[in-house]
Structures are given as structure tokens and as C-alpha cells.
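Throughout, read-outs are computed from the coordinates displayed, never taken from laboratory work. Here the structure is a predicted model, which is why all the values come from computation and not from measurement. Don't worry about glycine lacking a Cβ; one is built from the backbone with ideal geometry, like all the others, and counts go over all protein chains shown.
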Amino acid sequence: MSSMKSKLKSNIIDNLDEEYYQISTDILSSFPKFRPPLDLFIFKEETTQIQLLKKKGDRMDKDEQERVAELCKEGNIFVARSDHAVYSKHIAKQLDLVLVDENLKEAEIAEIFCYALTDRIAEFMEQPVKAVFTQIYNDLMVLTEYLWEDRNRIKSLVRRLHTDEHSLAKHSYNTGALGLWLFGRMHPGGINRRIYDKAALALFLHDMGMGKIPAFIRDKDKPLTQDERSKVNMHPLLGSKIALKLGLKFDEMQQCVMEHHERLDGSGYPGKIKDVSPLGAICAVADSYSAMISKRPYAEAMEPLAAAKELGQATKAYDAKATKLLLEAVVTNRW
Ligand SMILES: [Fe+2]
Ligand SMILES: [Fe+2]
């Protein structure tokens, strides 16, 4: 392509950016071969316009596949941004694609992470076994790989906290994203990558013991009986056992799983300990806030500001630096 032509093309593509994105060969090759899961568009150089090439689900024979692959290599294959939901769901199944896709915007990537991680955590909570753990582990490592390039990117995940009907998976996403943001803010000097990875795993999976608590107790909309309460209070211990069984023997995991309901004044559970680890204290703040802002079976959702204020006032129970950072971010709406 001549340089003038290529400049013209890139100008046009910039203008089209709001409506379409160019897809990379990695993405194209991840689609089912014979039937694209969404409409494919082609950039026609002669008319300098985007045209529909293949409708969603239309069969492509081998020759067509090769032709589309070639066009894609040249940067001429596009999908509509209005198909973002389909595209996100597709990428969510193979999350490492977000690392190679240069055409997704940060907000779109955050949405994909939110969707994918929440889904994967739900699967893991249902079945906390090695095979399912490996999937959520891989996805969380894609997340830390993505965040490691620019740790500010966590903000766009925090902007997507779930506030609708509570579920264990949504709560886990919220606590993980917010906890990781707090963790970054509390360590402005720098973090070791291995520790960052471990903290991410531990924060997102802090409630893995909850999956073992019968759903009728977890979802109960009335106050728990003493017996039910003591069952729920077992979930940190159950989580710790699951973590060890899965070979997750690092301190960060034990701290988040065991300490997220401990309080600095010794009023928490299960150990009523006061010397909570720094990561355990971060997890506690993230956990409480994420529970408060979502609609739970037994309580309405609180406004973010009211929740952050309440935590900020509980100075004896929660880490003051963490609650201050949280309140500042909520007040200024700057994560
Ligand atoms: Fe918990
Ligand atoms: Fe929790």
C-alpha cells in the first residue's frame, strides 16, 4: 500500500474507531473457524468504507477462511463496537487475548475482566477443586500481567464494582478489585511482582470457605440463629483448609482467608486476634465495604459514601489509613 493510501486509511480508521474495532489475527483465530460468533466487516480501500463481510453464524468455507485471515493480517477486518457484549463474552473465555488485543479500550478491558472473573469465581466457589482453581488462577495471572504494566489500571476495575443483588462471586470480585487498589495505594514505594500476584489471588479468593456453607444459610433474609451463625463463622477456617488442600501455602492467602473478619480491637472472628497482618487488614476493609454497597438478603445496599464514612468512623476496628484512602476516593470519585 502506498504511504498516502495508508495514511488515508489510518485517518478513516481513527474516525471509525467509535463504531468499529479492527481485530487482530490472534482474536480472529480464536473464533470458531467456520462460523464467526459476530458480524465481520471489511474495510474497502476502493471506496474507503466499511462493509459487512460475513454475518454472525454464516458459514465460511476453507478458502473464505484463508481470505479473511489474509485480510485480517493486513488490518482490514473489523467488528462493530455495538457487538461488544458478544465480543467480551468470547474473550472472557480466553482471557489472555486481552493482552494481545491492541484495539480494546481500557474501559472495555475492565468490563471483560469484571465479567470473566466474576464468572470464573462462581465456578470455583461451586467446585473448589484443583481443575477449576487452575482456570481462575490463570485468569488472575492475566489480570496481574495486565496491571503490572500500569498499576493505575486497577481503577477502571474498581469503577465496575457490583452493586446489584449480592452473590458470593460478585462480592469476591468487589473485594479483590478494591483490595488490590488499596494494596497498591498502601505500598506506593513499589511492590514485588510475586507478592502482587499472591495478594491478588488471596484477595479475590478470600471467601473460598463460604462455598461450603449451605446456600439456605448464606441467602437467608432473616437474622441467623446461633447455630447458623456459628456455621458461618467457620468459613475462614474452612477456606484455610481448602487453600492448603489446593497447595496454596503462602502467607498472603492465609492472611486474607483467615483474617478478613478479624478486627483490630479483637472484636472479630474466628480468632478474635488484634495483631492482624497488613494484608488481612486491607482485605477486611475491602470485604466490609463491598458487602455494604450491595443488596444483601438481609439488608439493603448502602450508598458508597455512607458505607465509606461508617468504616472511617470505626477507627478501633479497621485500619485507619486504608479507610481514609477509601473515603477520599469515594468523596472525590477519583480512584
Ligand atoms: Fe468472609
Ligand atoms: Fe468476604
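Write out the trypsin sites (Lys or Arg not before Pro) in region 145-249 meeting two conditions: DSSP loop, and at most 15 other Cβ atoms within 10 Å of their Cβ.
Here the trypsin sites (Lys or Arg not before Pro) that fit, given the DSSP loop and packing criteria, are Arg159, Lys220, Lys249.
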Return the calculated 222 nm mean residue ellipticity for the chain, to the nearest 500 deg cm²/dmol, obtained by summing -39500 (n - 2.57) across DSSP H runs with n ≥ 4 and dividing by the residue count.
-17500 deg cm²/dmol
What nm value, rounded to one decimal, do you get for the distance between Arg59 and Asp265 when each label is placed 7 Å out toward the C-beta?
7.1 nm
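Given 0.36 nm per residue, what is the gain on full extension from Lys105 to Glu74 after removing their alpha carbon distance, in nm? Display every interim value, and only then the final one.
Details: separation 31, 0.36 × 31 = 11.16 nm, distance 2.11 nm.
Full extension of this stretch gives 9.1 nm more.
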Counted charge near Asp219, where neighbours are those whose Cβ lies closer than 14 Å (Asp, Glu -1; Lys, Arg +1)
+4
Quick check: net charge around Tyr289, other residues with Cβ under 15 Å of its Cβ, Lys/Arg +1 and Asp/Glu -1?
+4
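Would you please name the GluC sites (Glu not before Pro) within region 237-335 that are DSSP coil residues with at most 13 other C-beta atoms within 10 Å of their C-beta?
Working: sites: Glu252, Glu259, Glu262, Glu300, Glu310, Glu328; in loops: Glu262, Glu300.
Passing both the DSSP loop test and the Cβ count: Glu300.
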So, with points 7 Å from each Cα along the Cβ direction, the Ile191-Arg67 label distance in nm works out to 4.9 nm
Where the centroid of each part is defined by its Cα atoms, how far is region 38-66 from region 70-133 in Å?
22 Å
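Checking understanding here: applying a Kyte-Doolittle mean of at least -1.0 and a length along the axis of at least 20 Å (C-alpha), which whole DSSP H helices in the chain pass? Walk me through the intermediate numbers first.
On the way: long enough: 106-126 (30 Å, 0.33); 130-149 (28 Å, 0.22); 168-186 (26 Å, 0.18); 278-292 (21 Å, 1.05).
Span-like helices here: 106-126, 130-149, 168-186, 278-292.
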Restricting to Cα atoms and excluding each atom paired with itself, what does the Kirkwood estimate give for the chain in Å?
21.8 Å
Tell me the net charge near Ile121. Cut-off is 12 Å between Cβ atoms, Ile121 excluded, with +1 for each Lys or Arg and -1 for each Asp or Glu.
-3
Assuming R0 = 25 Å, can you tell me the calculated FRET efficiency for the pair Leu224 and Glu165, based on Cβ-Cβ distance, to the nearest 0.05?
0.85
Just tell me which lysines come within less than 18 Å, Cα to Cα, of Lys54; anything on the same chain fewer than 8 places away is out.
Lys33, Lys44, Lys62, Lys73
By the rule of another cysteine's Cβ lying under 4.7 Å, the cysteines of the chain that fail to get a partner are Cys72, Cys114
Give the Kirkwood hydrodynamic radius (Å, one decimal) of region 73-148, defined as one over the mean of 1/r across all pairs of different Cα atoms.
13.3 Å
Report the extension gain between Ala301 and Arg153 in nm, rounded to one decimal, defined as 0.36 nm multiplied by the number of residues separating them, less their alpha carbon distance.
50.6 nm
